[in-house]
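One structure is given here, and the rest of the page talks about it.
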Amino acid sequence: MLSRRELLIALPLTGLVGACASKDPAPSFPAFSFAGAPLLFNVADIATENTFSPLGTGHVEADFDVSPQVAFENWMGDRVQAAGSNGHMTVTLLDASAVEEYLPVTTGIEGAFRSEQGRKVTARLSARFRAKVTNGESGSEAESTITAEYFATMAKDVSFTERRQALYAISRELINEFDARAMAALRRDMRAFLG
């Protein structure tokens, strides 16, 4: 049995713990998926390569809940499939960068009362698709390179959660732009390999 003193200490703590547990400040960031029929390539297999390395000042790919590279991998799983018995396709990820730069803002007393954009994040995706089928002495080849870029700015005093939401939105807009460009380019440049 709790004494009156223990009860008076325990009740406020229980309410505090309950209040903290009921409010989840971390939003959910699901992986992207793409509706519609995938592109079926008349090749036996598809290999992926990654030549992108996030080196240099300002790279923030690790801050994304769904980075441009992960968005691209999700896109590949939904949009590109091998459906042939001969031939090979290589998809090379050339760029999946996200670079943040700080924008000039007003300082001093005046700056404290101004709502300004203080950061800009530019995300970029680029991939090369190469397909080759050999039939005896003859064969056919096709290649297409797709690039998309998207940027957004954030307030100078953006919160941690707001920044996460903004980065998620940047990645979503980037992969949607890449999807639109890729579907058109692959149908045009690699039509001989599409089933």
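Would you say residue 45 is of a type in the set (D, E, K, R), touching a residue at least 40 places away in the same chain (Cβ under 8 Å) and touching a Phe, Trp or Tyr at 6+ places or on another chain (Cβ under 8 Å)? It is false that residue 45 is of a type in the set (D, E, K, R), touching a residue at least 40 places away in the same chain (Cβ under 8 Å) and touching a Phe, Trp or Tyr at 6+ places or on another chain (Cβ under 8 Å).
Quick check on this structure: which one of 161, 92 is among the hydroxyl-bearing types (Ser, Thr, Tyr) and under 19 Å from residue 76 (Cα atoms)? Before the answer, list the steps.
Details: 161 fails: under 19 Å from residue 76 (Cα atoms).
Being among the hydroxyl-bearing types (Ser, Thr, Tyr) and under 19 Å from residue 76 (Cα atoms) holds for just one of 161, 92, which is 92.
Check 115, 67, 85 and return the single one that is under 22 Å from residue 143 (Cβ atoms) and among the hydroxyl-bearing types (Ser, Thr, Tyr). Working first, answer last.
Values: 115 fails: under 22 Å from residue 143 (Cβ atoms); 67 fails: under 22 Å from residue 143 (Cβ atoms).
Step by step, each of 115, 67, 85 is checked, and only 85 is under 22 Å from residue 143 (Cβ atoms) and among the hydroxyl-bearing types (Ser, Thr, Tyr).
From the residues in segment 26-43 that are within 29 Å of residue 143 (Cβ to Cβ) and of a type outside the set (A, V, I, L, M, F, W, C), which one is modelled with the lowest pLDDT? Among those residues, the one meeting the criterion is 36.
Filtering 134, 92, 106, 161 for residues that are part of a strand (DSSP E or B) and surrounded by fewer than 16 Cβ atoms within 10 Å (Cβ to Cβ) leaves a single hit, 134. For segment 63-78, the set of residues classified as touching a Leu at 6+ places or on another chain (Cβ under 8 Å) and surrounded by fewer than 17 Cβ atoms within 10 Å (Cβ to Cβ) consists of 63, 65, listed by residue number. Just one of (1) at pLDDT 95 or above; (2) out of contact with any strand residue (DSSP E or B) (no Cβ under 7 Å at 6 or more places or on another chain) fails for residue 57. It is (1).
The values are calculated or read from the model by the stated rules, or taken from the named source; none is laboratory data. Since this is a predicted model, take the numbers as computed values, not measurements. Glycine gets a Cβ as well: all are built from the backbone with ideal geometry, and neighbour counts include every protein chain shown.
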